[in-house]
Every structure is written in structure tokens, then in C-alpha cells.
């Protein structure tokens, strides 16, 4: 049978993340079972992605409001995700929009090379921020802390 | 392996990889012809090389999908395949028909091929991706019907799971939409309209279901996450794919003579098309992060994660880049489309087929996983091919933006061929990236032959 060799071959069983993630065959609950992380942390990461993908600016304003209200939240995990998403939204937004505008202003709108460099720069950085956001969202969903590569503030030891 | 009949998947996988190699060889020839126009002319003209390159892609992916289905369905249905003999017979029919078609493309001029294969009885040839002669198209339908009969009967006699049902839905959709390749109205607008029912509703419709099912199957196996969790993700992904993808067909109808409302419908729905790919990325990362065991087949896990990311980038981000009607007005049919096509096909379909091959092949060869040495080489091939594809996409995007400017935006627009000279530098860089991709592919093939300390099945 397939299961036996696979288990024999496995380097090691991984401990379950949390007991609350255990699924039952009778009563699976999409929200509770699939998202054991704190809703505020998940919301922060979701707003980070919404700002990038669906509602630019509006998503950012909502994220800032969330941060203003909950920045002293007792849960370090919630504070971690709020701090990371706010910091990366501000820094990322600046280098994404600011440098793109700079490329066009310096190169000129009627210069094809401004478009080649500007569009490629914007698309690549934008996509990278989304991928980092996906990792952040997953960390929040699974109740893990997360630091955005390069732009995210350092995590406390 | 759990069921003997799963073994029929192996020849399909081997043929898929062989044809993949051939596809990339023709890709390199084509890339060279972009910069050295008479390279291999008249032996392999550009139009023939392009046709072989794209047709081989479709054929090898179909071999991969069929192999994947023959491997997955017995395990999902917990029963032997309805008829392994039929599956093997169809393998040879499909392989021989495919090989004869490619030989036909390369040895006979296209008009003569059309004349001798019955195109005057029912004209179906001459359209991009659907260049196959009538006989080949009929062969594809026969193979697809027998394949679907075999797979459906297997599912019907065994356990029905969400994964096998979604896979079946995707495969039936694939066969049904291919039937529109036989409808070739003389009105060019109608012709294009229905041509997209094959091409678009395949790659941005039913193929996404197949992809999601394959990914879900492999993720259940390599992560140990409960089936219920993965199945719920699967429902969300396929719902998003169909809701956005079907009306998203409208992004192909902007400038072909269809009513103007398609510019709104196409823009709105295809702007939403990145969402299922985004969900797939979250899905893949989420499942791997919550895994309950460290699966020894690290290469398969890497391919699965890579599929999520690259499908989102290629199909989602690069698709969105030129999908809105006001943008597409300028970018339509430029190298930006080629950039999107390359990364989307690689990220979504090439990688998912390699994911299932990477997972299943060691088991089909009687071991639970390949040796660490072989896996390291396979992971090298992953990075080489993936990074090379990123660069191919970036260079083609740069070429496309410059092309759009010089050909369609500049105050004194240049002709198509004059612009091709202007973007040649990017074509050269694309060609070198293609060489790196080919080296990655050779490394992938070599990984099958690397010996080492393997973990035998049953150990």
C-alpha cells in the first residue's frame, strides 16, 4: 500500500501547529478551522493586499485606521502584523509610486525608455509586494509572526 | 503504487517530457529566427517552426493531463482503472497521430498537407493553435472520448471525491470545447469569436479546473493536510475561475468586430481573473505551511509552490497588465502578449504537469522518493527554468513596450518590420534566456537518471 512506504520514507512527522487546526470529518468550519490566527492580524494582511490589488488608497486608509485603533492591542501577534503591514505599505508605497513617478519625470513621458523602465519597475515591485503579502497573510492565518523581507521592521528577539 | 493500473501513466509522462524537449528546441530555433531571419530557411520556415512550437506545447500538456488523470483517478476512486489496455492503446494512437502531424508540418508545405488530409471536405486548418489537419483533429476527438470513457467509468465504479469530480469536469470541458475547432465560419468575426471558445475557454476556463485538481491532489499527498480543508479551497478556486474566466472571454472581443459592450464586459471580468490565481498562491503556501509531515519528495513540494507563484505572476499579473480595453487598444497582439503567454503557460500548466510528474514518477518507478542527489539536480532545474522564464518574460515585455511605442504611439509610427530591428537587442537577450531554460530542462531530464541512495517503496 502507498501509505506505508510514504510514512517509512518520511523524514519526520511535523507537529501540528495548534490543536484548534485539527479538522473533523463531521463538522468542518471554513473560517474557524482554516483560519486559526487572530482576525485582526488576518484583517491587517488582507487590507495590505486589498490596497495593492483591489482598492488602492482606500485599502491603505482602512489599514491605517485599523492600526490607529489597535496599535496597542494586547496580543503581540496582532501588533506584529499591524506594524509590518503599515510600515511596508508606507515604505513600499513610497518606492513603488515615488520611484515610478520619478522615472517618468526624469525620463520624460514622451521617451519610450521611460515607459520600458517605468512599467517593468512598477510591475515587478508591485508583484513582489503581493507575493510577500501572500506570505504575510498565510503567517497571520496560521498564527505565526512575520517579517516582510527588506522593508519590514525587525522583529523583537 | 497503490493500484497496478496507475502504471499506465508512465508512458504518458515520458512522452510528455520528450515532446517538451522538442518544443523547447523549436522555441530556440524560433528565437533565433527573430534575430537571424533566414536561420534554417528554407528547411524550417518561421511559420512552420512557430506552429510546431505551439502545437507541441498543447500536445505534451495533453499527454501530461492524461497521464495525471490515469495516475490520480484510481487512487482517488480507490479502484483499478476501468481499462488499462484501452489507456495504453490510446497512448500509441495519440503518439503516432501527433508524430505524423509534426512530420507532416516539417516535410510537406501546409497547403499540400491541407489538400491531402481532407481540408476541402471540412475546412478546419489555418487557425493559430488549431492548425492540425482534419484527420488529426478527428483523432484527438476519438482519443479524448475513449480517455473520458475510461476515466469516467473508473470514477463511477469507485469513490467520488471533489478532486476527481473537478478533474472530470475540466477534462470533459476540454473535450467539449475542442469541438468548436471543427466550426470554421467564413465570416472572420464569427470565426475568431468561436475560435476563442476553444483557446480561451481552455486556458482560462476548464484547464484551470484540471490545474486546481492536480495541485490539490499533490498537496494532499505531500502535506498530509485534511482533505476537507483542501477541498474547500478547491471549491472556492474553481468558482472564482469560472465566474471570472467565462465572461472574461470578452477581453479577446475588443477589436475583432464584435459589439462595443464587450469592452466593458471583457475589462471588468478579466480584471478579476487574477483572483483565482491569487487564491491558488495563497492555497499552495497555506497548505505547505500547515503541513503535518515533512514529505521526503522536496522537489515535488517545490514545484507545487512554484506553480502557485508563477501562475499568479504569468496568468494573473501579466494578464492584467494588458487586459483593460483602453490599454489593450495599444498593446493588442504585441510582444507583451507573447510575454504573458510564455509565463502563463509555464507557470500554470507546464509547472503543474511537472509537479504531478515529480510526485508520481518515483512511485511509478518503485520508490517512495528519488535520491537526495537526484532531487538536488531536479531543484536546480526548477530554478534554472523558472528564473530563465522570468527573464524571457521581462525581455519580451520590454520589447513589447518599445514596440507599442514605436509602432502605435509615436508621432511618426514605424512599420512592423522596422520596429523588429529596433527591439532586436531584447530578442537576443530572450534567446540567451531560452538557452538557460533549455539547460534547465536538460538538467530536469538528467535528474531521472541520477542514481543515489533511494528510498525503496515498502521500506
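What spacing in nm lies between the two simple spin-label points modelled at residue B:391 and residue B:176, each 7 Å away from Cα in the Cβ direction?
So the label points at residue B:391 and residue B:176 sit 4.4 nm apart.
Need one value for B:312-319: mean number of C-beta atoms belonging to other chains within 10 Å of its residues' C-beta atoms.
3
What area, in nm² and to one decimal, does the C-alpha convex hull of region B:181-290 cast on average over all directions?
Spelled out: convex hull of the Cα atoms, projected over all directions, averaged, 7.3 nm².
Can you tell me which of B:160-173, B:138-151, B:298-311 comes out highest on packing, and rank the rest after it, using the mean Cβ neighbours within 10 Å?
For the peptides B:160-173, B:138-151, B:298-311, the packing ranking is B:298-311, B:160-173, B:138-151.
Mind checking the angle between helix B:351-364 and chain B's longest principal axis? C-alpha axes, 0 to 90 degrees, to the nearest 10.
Value to nearest ten degrees: 30.
Using alpha-carbon pairs under 8 Å, 6+ residues apart, how would you state the relative contact order of chain B in percent?
14 percent
Using a 7 Å offset from the Cα along the Cα-to-Cβ direction at both residue B:428 and residue B:2, what is the distance between the two label points in nm, to one decimal?
About 5.4 nm, to one decimal.
Give me the mean projected area, in nm² to one decimal, of the convex hull enclosing the Cα positions of region B:16-158.
Directional mean of the projected Cα hull area for region B:16-158 stands at 9.2 nm².
If you take the square roots of the eigenvalues of the alpha-carbon gyration tensor of the protein assembly as shown and sort them as a ≥ b ≥ c, do you get rounded (a/c under 1.5), prolate (a/b over b/c) or oblate?
Here the protein assembly as shown falls in the oblate category.
If one takes the longest principal axis of the Cα atoms in chain B, at what angle in degrees, from 0 to 90 and to the nearest 10, does the Cα axis of helix B:46-77 lie?
Between the helix axis and the principal axis of chain B, the angle is about 20 degrees.
Just want to confirm a number: the relative contact order over region B:62-200, from Cα pairs under 8 angstrom separated by 6+ residues, in percent.
After rounding, I find 32 percent.
When the Debye formula is applied to the Cα atoms of region B:240-448, each taken as the same point scatterer, what base-10 log of I(q)/I(0) results at q = 0.15 Å⁻¹?
-0.99
At what distance in nm do the modelled label points of residue B:256 and residue B:191 sit from each other, each positioned 7 Å from its Cα along Cα→Cβ?
A separation of 1.2 nm, rounded to one decimal place.
What whole-number distance in Å separates the alpha-carbon centres of region A:79-127 and region B:200-241?
33 Å
Using only Cα atoms, find the angle between the long axis of helix B:372-404 and the longest principal axis of chain B, and express it within 0 to 90 degrees, rounded to the nearest 10.
20 degrees
Using R₀ = 45 Å, calculate the FRET efficiency as 1/(1 + (r/R₀)^6) where r is the Cβ-Cβ separation of residue A:121 and residue B:80; round to 0.05.
After rounding to 0.05, the efficiency reads 0.25.
Report the calculated FRET efficiency for residue B:436 and residue B:127 (r = Cβ-Cβ distance, R0 = 35 Å), to the nearest 0.05.
The calculated FRET efficiency here is 0.60.
How many Cβ atoms of partner chains, on average, are near each residue of B:384-391 if near means within 10 Å of its Cβ?
Mean shielding by partner chains, rounded to a whole number: 0.
Other chains near A:64-72: what is the mean number of their Cβ atoms within 10 Å of each residue's Cβ?
Neighbouring Cβ atoms belonging to other protein chains average 0 per residue here.
I'd like to know how region A:37-141 sits against the 2.2 N^0.38 Å rule of thumb: what's its Cα Rg over that expected value?
Normalised by 2.2 N^0.38 Å, the Cα Rg of region A:37-141 equals 1.21.
Order of A:66-75, B:327-336, B:416-425, B:9-18 by packing, highest average Cβ count within 10 Å first?
In descending order of packing, they fall as B:9-18, B:327-336, B:416-425, A:66-75.
Just to check, using Stokes-Einstein with a Kirkwood Rh over alpha carbon pairs, what's the diffusion coefficient of chain B at 10 °C and 1.306 mPa s in µm²/s?
For these conditions, the coefficient is 70 µm²/s.
All of the numbers you see were taken from the coordinates with simple rules; none came from a lab. Everything quoted here is computed from the prediction, not taken from an experiment. Methodologically, a virtual Cβ is constructed for each residue, glycine included, from the backbone with ideal geometry; neighbour enumeration extends over all protein chains shown.
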